[in-house]
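Participant: Below you will find the structure I want to go over with you.
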Amino acid sequence: MREITLQAEVRNEIAKGLFALRQQGKVPGVFYIIGEQNIPIAVTEKNLKPVVYTSEAQIVNLQLNTGETKPCILRDVQYDALTEKPIHFDLQGLREDRKITLEIPILVTGQTPVGVKDGGLLQHFVHKLKISALPKDIPNHIEIDGTELKINHFVHVSDLKLENVTVLDHATLAIIGVVPPTVEKEATPGVVEEAVEPEVIAKGKKPEEEGAEGEKKAEGGAKVEAKK
């Protein structure tokens, strides 16, 4: 797994002076590990960028100004709602003999899938997978070769073969696949659909009733004429 070094200073004041700290171009954070006391730290925004803005998983070698070096991973980052700059971060310490759970990005490799050449569309349903592994076995990313994928063929979690790594997502979860192209229904040339006029309901008597009454009047008139 890729490793990166991050230099930080230990903060003596935990709750005070955070605004002034950020004004100096530094970002407050905390290092924690099971069984030990949390260590509040501060890192320059410039040094923090390679740790935060990356698409690969990586081990962070945290170098404190006290002379200590602690292996860890980036667990969480908080951003300012307006500037979108990091304003706080958490680093979780690693132990060589203890597995850790984290998300690993998916990297699709290989040539253009067979199904795409046939007109299909390659879909990425999942971009990260949750895994459990010892620190030495954590991969930078999980590679999936999509070259042989045909239309309506998919790669599921159960298809992955990862050494010393346990994928915690469900085995039936589809990661990538080639789906048929979307075909829109086209109007037939020369065929014009007739507009359907809304039904108008006349006030008063229904047409059937009016017809029946007219017939009665006609019959009545015929009888009078016969008497003459």
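No value in this document is a laboratory result; all are computed from the given coordinates. In this text the structure is predicted, and so the values were computed from the model without any measurement. Reconstructed Cβ throughout: ideal geometry from the backbone, glycine too, with neighbour counts over all protein chains shown.
Participant: Only residues of region 148-176 count here: report those whose backbone N is under 19 Å from the spot 7 Å along Cα→Cβ of R2, or say none.
Facilitator: Counting backbone N atoms under 19 Å from the label point, the list is empty.
Participant: Also, I was wondering about something else. Return the FRET efficiency for the residue pair S158, L122: r is the Cβ-Cβ distance, R0 is 25 Å, and the value is rounded to the nearest 0.05. Before the final figure, lay out the partial values.
Facilitator: On the way: r = 20 Å, r/R0 = 0.80.
Calculated value: 0.80.
Participant: How much FRET efficiency would the formula 1/(1 + (r/R0)^6) give for E56 and L173, where r is the Cβ-Cβ distance and R0 is 22 Å, rounded to 0.05? All intermediate terms of the calculation are to be shown ahead of the outcome.
Facilitator: Working: r = 21 Å, r/R0 = 0.97.
The value I calculate is 0.55.
Participant: Moving on to the next point. For region 3-94, compute Rg over Rh where Rg is the Cα radius of gyration and Rh is the Kirkwood radius from the inverse mean 1/r over Cα pairs. Before the final figure, lay out each step's value.
Facilitator: On the way: Rg = 12.4 Å, Rh = 13.3 Å.
Across region 3-94, the Cα-based Rg/Rh ratio is 0.93.
Participant: Given labels modelled 7 Å from the Cα in the Cβ direction, how far is it in nm from K46 to S132?
Facilitator: For the pair K46/S132, the computed spacing is 4.2 nm.
Participant: Further question: How much FRET efficiency would the formula 1/(1 + (r/R0)^6) give for F19 and Q63, where r is the Cβ-Cβ distance and R0 is 25 Å, rounded to 0.05? Could you put the intermediate results ahead of the total?
Facilitator: Numbers: r = 26 Å, r/R0 = 1.03.
Approximately 0.45, to the nearest 0.05.
Participant: Could I ask something else about it? Tell me the label-point distance for the pair T147, R98, using the 7 Å Cα-to-Cβ offset, in nm and rounded to one decimal.
Facilitator: Reported label-point gap for T147 and R98 is 4.2 nm.
Participant: Return the distance in nm (one decimal) between the two label points of a simple spin-label model at D80 and E36, each offset 7 Å from Cα along Cα→Cβ.
Facilitator: Going by the 7 Å Cα→Cβ label model, 3.1 nm.
Participant: Roughly how compact is region 101-179, stated as its Cα Rg over 2.2 N^0.38 Å to two decimals? Mind dumping the intermediate values first?
Facilitator: On the way: Rg = 13.0 Å, N = 79, 2.2 N^0.38 = 11.6 Å.
Its radius of gyration relative to the 2.2 N^0.38 Å reference: 1.13.
Participant: Residue by residue through region 100-108, which ³J(HN,Hα) values in whole Hz follow from phi under the Karplus form 6.51 cos²θ - 1.76 cosθ + 1.60 (θ = phi - 60°), with glycine and proline marked x?
Facilitator: Listing the rounded values in order: 10, 9, 7, 9, 10, x, 9, 10, 8 Hz.
Participant: Here is a further query. Exactly which GluC sites (Glu not before Pro) in region 124-171 are in a DSSP loop and have at most 10 other Cβ atoms within 10 Å? Let's see the in-between values first.
Facilitator: Details: sites: E143, E148, E163; in loops: E148, E163.
Answer by residue number: E163.
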